[in-house]
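Novice: Next up is a structure, given as structure tokens.
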Protein chains: 2
Amino acid sequence: MGGDAPIAPVGADWRRLFDPRDWFLEPCAEAGSLFGLALESPEPLHDERSAFQHIQVFQSRHYGRVLVLDRILMLTGRDNFIYHEMLTHPVLYTHPHPRRVLVIGGGDCGCLREVLRHETVESCVQVELDERVTRVAERWFPELCEANGDPRATLRFEDGISFIEQAGDASFDVIIVDSTDPIGQAARLFSRGFYHECRRVLGEAGVLAVQSESPLIHTDVLAGIHREMRAAGFPQVSALQFPQSSYPSGWWSATLAGGAKAHKAPRAAAPGRNRPVTRYYNSAVHRGAMELPEFLARRLAAD
Amino acid sequence: MGGDAPIAPVGADWRRLFDPRDWFLEPCAEAGSLFGLALESPEPLHDERSAFQHIQVFQSRHYGRVLVLDRILMLTGRDNFIYHEMLTHPVLYTHPHPRRVLVIGGGDCGCLREVLRHETVESCVQVELDERVTRVAERWFPELCEANGDPRATLRFEDGISFIEQAGDASFDVIIVDSTDPIGQAARLFSRGFYHECRRVLGEAGVLAVQSESPLIHTDVLAGIHREMRAAGFPQVSALQFPQSSYPSGWWSATLAGGAKAHKAPRAAAPGRNRPVTRYYNSAVHRGAMELPEFLARRLAAD
């Protein structure tokens, strides 16, 4: 595509025709790839350094607003619906009656909003380390934060691992880990010790869902998550895959883990007007997302 | 991702740190996005202007070799298996006994190779406009061309539309259209008149498969293909979606169309050693790929 390309292709005089300042550009070192979005202006709409990270918001030309943490793209207005729906609805439709939900990370509040679309949910606690991410989201992505005032929602700003270590046994039905990549602070959210605590806090019937990187370029990470989850005592572990055009490779995954009594197959979505309105998720898509490509199924079975 | 990014992020002195000549960069004008691959060298391995187009091959750092036509990325060594498998195996496992197969376009011969993995296939005719694409593929992508010498294969270099206009009624069981984007020469391969000719050449039991662009950023193109196929007399039209990390949005689609007697659901893959070895496709993935996200299902049903 790109017949009316605004910038010059290989072979032209790049230095004259291409000004990288007009783009948000994110290299992915491990894949040797680059993703870019044309910006309305090189000046960010918002730019601050919180106690934890550099938070920026840009206005793109065709992808809406873009949230960037430490120069890594977190979400765009155009395609975050796929990620947020696939990190929340599959796990909520796997548990037979999810009442008590915990979101670790997820400071943009997109997961919280999707969770609270479910009528069975009586409480949803969001534990985000950096309060500034949520305050920035409230200002620049108000659509993601429209459920923040729901009486069932509790927003806490503290370390997710400390929170879960102090939580009671079997005190949540569903835990959703909406983390950044497994580097820096977030690496601990991909560890066996953390999964072991989740297992305790969920009990035998609870289900855990975590974002688990790209099936194509992070196959080893995905396999490692499966291995550590099983080692932490989850007998049921399964991956779901879905497109996410603004993340490296355009292809992303979630991994679900359940105890001995956890359901694995999705129950049907509630019929009629109480069913959450979705743009990506439906029951058939849920089942389809669990059918893994040959190379991935073989890799996950090998460990 | 990209913690060890080799190039500078937004806000740095781009002109000093980022040299676009080290990258293959492809803008997608209609999405305001950019995809890039780090190159081993800015010098192409191959660079020629055929009678029809500019053909280039680059050596990327992590995606293998890259075939570029008129500055648009056609395939990479790393991820073309997904596209080629999903354009061929679903249609070949939909027809109950595919014997006579026609590939329009597909000069890189990747589809031809996948087709000839099926033992039922007695002949496969590939009709590519530009012989130079195939000759370049034979030299630089020999793995895609390993079936070119199969006695069941016929390689023709001529206009696909003229070929199909002269083909007999019900003379093929399966037609696969592995075209470039619907601009320039290739636009005619997305027209009602072309689909009408395919319908005639396939008869009542035959099945057509075409590449049908990105579900996310070309939703209107995909809906138009469905509309034109139905108008051309195909009562059964269905889309399949799959990841393709090196195409715009990282998400792509194929559309299948069949006559009144065509099967719609896939038959099971042949068991045992005669089953084609695949890296992406399997029967469950085939069914999963047909489960469309809500927004796409609604859009395709609206026409």
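The values are calculated or read from the model by the stated rules, or taken from the named source; none is laboratory data. Computed from a predicted structure; not experimentally measured. Quick reminder, even Gly has a Cβ in these numbers, built from the backbone with ideal geometry, and neighbours come from all protein chains shown. Side chains included, ligands, DNA and RNA excluded: accessible areas come from the protein's heavy atoms. Shrake-Rupley method; radii C 1.70, N 1.55, O 1.52, S 1.80 Å.
Novice: Whenever you get a sec, line up A:TYR63, B:TYR247 from highest to lowest accessible area (probe 1.4 Å, protein heavy atoms).
Specialist: In descending accessible area the options line up as B:TYR247, A:TYR63.
Novice: Could you check the spin-label model distance between A:ALA51 and B:ALA187? Points 7 Å from the Cα along Cα→Cβ, value in nm.
Specialist: Here the answer is 5.9 nm between the modelled labels.
Novice: A further question follows. Take the solvent-accessible surface of the protein heavy atoms, probe 1.4 Å, and return the percent of it on chain B that carbon and sulfur atoms account for.
Specialist: On the way: 5350 of 11090 Å².
Looking at chain B in its full context, I get 48 percent from C and S.
Novice: Mind checking which aspartates and glutamates have their Cα closer than 17 Å to the Cα of A:LYS264? Skip sequence neighbours fewer than 8 apart in that chain.
Specialist: A:ASP173, A:GLU204, A:GLU291
Novice: Step through the residues of segment B:257-263 one at a time and calculate ³J(HN,Hα) from phi using the Karplus curve (6.51 cos²θ - 1.76 cosθ + 1.60, θ = phi - 60°), rounding each to whole Hz and writing x for Gly and Pro.
Specialist: Taking θ as phi minus 60°, the curve returns 9, x, x, 4, 9, 6, 6 Hz for segment B:257-263.
Novice: Taking a label point 7 Å from Cα toward Cβ, how far is B:GLU204 from its twins in the other copies, in nm, shortest first?
Specialist: 5.8
Novice: Just the accessible area per residue of chain B, please: how many Å² with a 1.4 Å probe? Could you put the intermediate results ahead of the total?
Specialist: Working: 11090 Å² over 303 residues.
I get 37 Å² per residue for chain B.
Novice: How far apart, in nm, are two points set 7 Å out from the Cα along the Cα-to-Cβ line at A:HIS263 and at A:ALA29?
Specialist: About 4.4 nm, to one decimal.
Novice: Another question about this same structure. If each label sits 7 angstrom from Cα along the C-beta direction, how far apart, in nm, is B:THR154 from its counterparts in the other copies?
Specialist: B:THR154 label point versus its equivalents elsewhere: 7.3 nm.
Novice: Okay, next question. If the label for A:GLN166 sits 7 angstrom from Cα along the Cα-to-Cβ line, what are its distances to the same label in every other copy, in nm to one decimal, shortest first?
Specialist: Label point to label point, same position, other copies: 8.0 nm.
Novice: Continuing with the same structure: Taking only complete DSSP H runs, can you tell me which helices of chain A stretch 20 Å or more along their own long axis by Cα positions and average at least -1.0 on the Kyte-Doolittle scale?
Specialist: On the way: long enough: A:80-94 (22 Å, 0.13).
Those that pass (Cα extent of 20 Å or more, hydropathy at least -1.0) are A:80-94.
Novice: Follow-up. When a/c reaches 1.5 or more, the comparison of a/b and b/c decides; with that in mind, is segment A:213-303 rounded, prolate or oblate per its Cα gyration tensor?
Specialist: Numbers: a/c = 2.34, a/b = 1.27, b/c = 1.83.
Oblate is the answer for segment A:213-303, as a/c is 1.5 or above yet b/c matches or exceeds a/b.
Novice: Another question, then. Considering only chain B, pick the residue with its Cβ nearest the axis of the rotation onto chain A, and state the distance in whole Å.
Specialist: B:GLY250, 1
Novice: Show me you know the interface measure: the accessible area buried between A and B, both chains summed, probe 1.4 Å, in Å² to the nearest 100.
Specialist: Values: alone 13940 and 13960 Å², together 22150 Å².
By this definition, chains A and B bury close to 5800 Å².
Novice: Please check which bits of segment B:36-66 a label hung off B:ARG21 would reach, taking the label as a point 7 Å along Cα-to-C-beta and the cut-off as backbone N under 15 Å.
Specialist: Of the residues in segment B:36-66, B:39-44 have backbone N under 15 Å from the label point off B:ARG21.
Novice: Compute the accessible area of each residue in segment B:20-47 twice, once for its chain alone and once with every protein chain present, using a 1.4 Å probe on heavy atoms, and list those whose area falls by at least 30 Å².
Specialist: Residues of segment B:20-47 that lose at least 30 Å² of accessible area once the other chains are added: B:PRO20, B:ARG21, B:TRP23, B:LEU25, B:PRO27, B:ALA29, B:GLU30, B:ALA31, B:GLY32, B:SER33, B:LEU34.
Novice: If the chain between B:GLU119 and B:SER171 were fully stretched, how many nm would it gain, using 0.36 nm times the residue separation less the Cα-Cα distance? Mind dumping the intermediate values first?
Specialist: Details: separation 52, 0.36 × 52 = 18.72 nm, distance 1.89 nm.
In short, 16.8 nm is gained.
Novice: A:SER41: accessible area at probe 1.4 Å, nearest 10 Å²?
Specialist: 40 Å²
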